[in-house]
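Chemist: Below you will find the structure I want to go over with you.
The values are calculated or read from the model by the stated rules, or taken from the named source; none is laboratory data. Since the structure is predicted, the reported quantities are computational estimates derived from the model, not experimental observations. Cβ placement follows ideal geometry from the backbone for every residue including glycine, while neighbour counts extend to all protein chains displayed.
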Amino acid sequence: MTKPPSSQSGADLDPFEDFLCFSVYSTGLAFNRIYKPLLDQLGLTYLQYLAILALARQDGQTVGELGEKLFLESNTLTPLLKRLEAAGLVERRRSTQDERVVRVSLTAQGRRTAEEARCVPAELLESTGLSAEGLGELNEALKKLRGQLRPG
């Protein structure tokens, strides 16, 4: 919690104004409202979009590797991957060396969707009101904060 100086009385302030965690949370919700119509055109949810882009960067990842990159537990990731598979965007295959390991790969349709999805950040930049440089600096600060907060 931070306490910035304010000329307003405590009664006039938003009750969460001093909560950094709420600022981050509510900003995430605002981003999702901007992303939603863009991703609806692709038939993707935000998490599906992230999974598709992660696989476009490195195809054939294990479910565990993908979960680490997306900060998702398997009980959230597995149903997401099943929906992407049902939509024809990914395929899951058990490893021949170790049946416990499942690898996820984009299909041809998934690769086309990933190409289309890459234009979404450019459309989003305008909505932020920030320059590309300002957005990059904010992103770096948030990644540093996330690194500090993550256990281990």
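Chemist: Might you let me know whether region 32-50 holds any residue that is within 22 Å of Val101 (Cα to Cα), modelled with pLDDT of 95 or more and loosely packed, with under 13 Cβ neighbours inside 10 Å?
Modeler: no
Chemist: Still on this model: Check every one of the helices (runs of 4 or more DSSP H) wholly within region 66-129 and list those with 1 or more residues that are touching a residue at least 60 places away in the same chain (Cβ under 8 Å) and not hydroxyl-bearing (Ser, Thr, Tyr). Please lay out each step first, then the result.
Modeler: On the way: elements: 74-86, 108-117, 120-128.
Qualifying helices (runs of 4 or more DSSP H): 108-117, 120-128.
Chemist: When you scan region 20-27, do you find a residue that is without any contact (Cβ under 8 Å) to a residue 40 or more places away in the chain and surrounded by 14 or more Cβ atoms within 10 Å (Cβ to Cβ), even just one?
Modeler: Looking through region 20-27, at least one residue is without any contact (Cβ under 8 Å) to a residue 40 or more places away in the chain and surrounded by 14 or more Cβ atoms within 10 Å (Cβ to Cβ).
Chemist: Within region 98-118, identify whether any single residue is under 25 Å from Lys143 (Cβ atoms) and exposed (fewer than 13 other Cβ atoms within 10 Å of the Cβ), and answer yes or no.
Modeler: Quick first cut of region 98-118, residues under 25 Å from Lys143 (Cβ atoms) only: 104, 114, 117-118.
If we keep only those that are exposed (fewer than 13 other Cβ atoms within 10 Å of the Cβ) too, we end up with 118.
Yes; the residues of region 98-118 include at least one that is under 25 Å from Lys143 (Cβ atoms) and exposed (fewer than 13 other Cβ atoms within 10 Å of the Cβ).
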